[in-house]
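Participant: Next up is a structure, given as structure tokens.
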Amino acid sequence: MAYETIIVETRGKVGLITLNRPKALNALNSQVLAELLAATGTFEADQAIGAIVITGSEKAFAAGADIKEMQAKSYVDAYMEDFFSGWEAFARNRKPMIAAVAGYALGGGCELAMMCDFIIAADSAKFGQPEITLGVMPGMGGSQRLTRFVGKSKAMDMCLTGRMMDAAEAERSGLVSRVVPAADLMEEAMKAAAKIADFSLPAVMMCKEAVNRSYEVTLAEGLRFERRVFHSMFSLDDQKEGMAAFAEKRTANFRNR
Ligand code: CAA
């Protein structure tokens, strides 16, 4: 597929997707969503890819859903097309996805970053859910995911005032896993992704599934799920290899099976 709004590259075992609508600060329109679904779908199907990094530009990861695209929609338009529901398919990707965020991650941009498994932020990053300033509210998961990341008080503050959070506050609040100097962002994100991609892919995917499960079920159910998945890992060649490598004091050579 020829992409027009994103740049798709492969670096070793890492798939790199760069949002590329510089004139609109990477605003997320329906073409961006379609292309992101196609690109991540290709990476999901490629056994050689072990992790995905999603990034934007120095100025903007993404400044939100495309306001100009949705401005004229009626309720019926939005309802009939189940507007934004396609993003749920994106969030269901099973391989690990890291958001590398510099500059603005606002509205849908913040929501896209939160759909990834973790966020590495440049010290220039600014997060926000400013939809209230447009007479609406978050629609790509912000009211739900931001609340789970940072708790009710801060999520309410962000969603009701529309204010931005800088990278330091985002790290303090648990929205991002680490903050790095802007100049080091891509190196750090690619290094983290390459490290993950060197592990056993089925083990990584099962681990991601188990952590995500904690958002959906009770603690007792989650613990049972974790244990069952853990038990199933003893059927992996990679479990035998990983533990043998430890015992033999050598580096494991995972074969993704
Ligand atoms: N949608 C469409 N176009 C956008 C956009 C968006 N979300 N954000 C920026 N742009 C466009 C601007 O219209 C402008 O285009 P023109 O040059 O054609 O006028 C271009 O990108 C550059 O933007 P600015 O001139 O505004 O740049 P700035 O540096 O002065 O300001 C900014 C940067 C503070 C991020 C400002 O662009 C801004 O406030 N953007 C909108 C942020 C926003 O409200 N996001 C939420 C969108 S709604 C949403 O996401 C719903 C949801 O829950 C999914």
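The values are calculated or read from the model by the stated rules, or taken from the named source; none is laboratory data. Remember, predicted model here, so these are calculated numbers, not experimental data. Virtual Cβ from ideal backbone geometry, glycine too; neighbours counted across all protein chains shown. These accessible areas exclude ligands, DNA and RNA; they are computed on the full protein's heavy atoms, side chains included. Shrake-Rupley method; radii C 1.70, N 1.55, O 1.52, S 1.80 Å.
Participant: Could you check Ala72 against (1) within 12 Å of the ligand (Cβ to nearest atom); (2) without any contact (Cβ under 8 Å) to a residue 12 or more places away in the chain and say which number it fails?
Facilitator: Looking at each condition in turn, Ala72 falls short on (1).
Participant: Would you pick out the residues in the stretch 77-98 that are open to solvent by less than 90 Å² (accessible area, probe 1.4 Å) and either assigned to a helix (DSSP H, G or I) or touching a Leu at 6+ places or on another chain (Cβ under 8 Å) (or both)?
Facilitator: Correct list: Asp77, Ala78, Gly86, Trp87, Ala89, Phe90, Ala91, Lys95.
Participant: Mind listing whichever residues of the stretch 100-120 are more than 16 Å from the ligand (Cβ to nearest atom) and open to solvent by less than 10 Å² (accessible area, probe 1.4 Å)?
Facilitator: Those that are more than 16 Å from the ligand (Cβ to nearest atom) and open to solvent by less than 10 Å² (accessible area, probe 1.4 Å): Ala100, Ile119, Ile120.
Participant: Exactly one of these conditions fails for Ile67: (1) away from the ligand (no atom under 16 Å from the Cβ); (2) open to solvent by 10 Å² or more (accessible area, probe 1.4 Å). Give me its number.
Facilitator: All conditions pass for Ile67, except number (1).
Participant: Right, something else. Just checking, how many residues over the stretch 123-181 are closer than 29 Å to Lys73 by Cα, assigned to a helix (DSSP H, G or I) and in contact (Cβ under 8 Å) with a residue 12 or more places away in the chain?
Facilitator: Of the residues in the stretch 123-181, 14 are closer than 29 Å to Lys73 by Cα, assigned to a helix (DSSP H, G or I) and in contact (Cβ under 8 Å) with a residue 12 or more places away in the chain.
Participant: List the residue pairs whose Cβ atoms are under 8 Å apart, where the first residue sits in the stretch 84-106 and is polar (S, T, N, Q), the second is open to solvent by 10 Å² or more (accessible area, probe 1.4 Å), and the two are 6 or more positions apart or on different chains.
Facilitator: Sorted first by the residue in the stretch 84-106, then by its partner, the pairs are Asn93/Glu44.
Participant: Restricting the first residue to the stretch 210-230 and requiring it to be part of a loop (DSSP other than H, G, I, E, B), which pairs with a second residue that is at pLDDT 95 or above and of a type outside the set (Val, Ile, Thr) meet a Cβ separation below 6 Å and a spacing of at least six or different chains?
Facilitator: Ser214/Gly222
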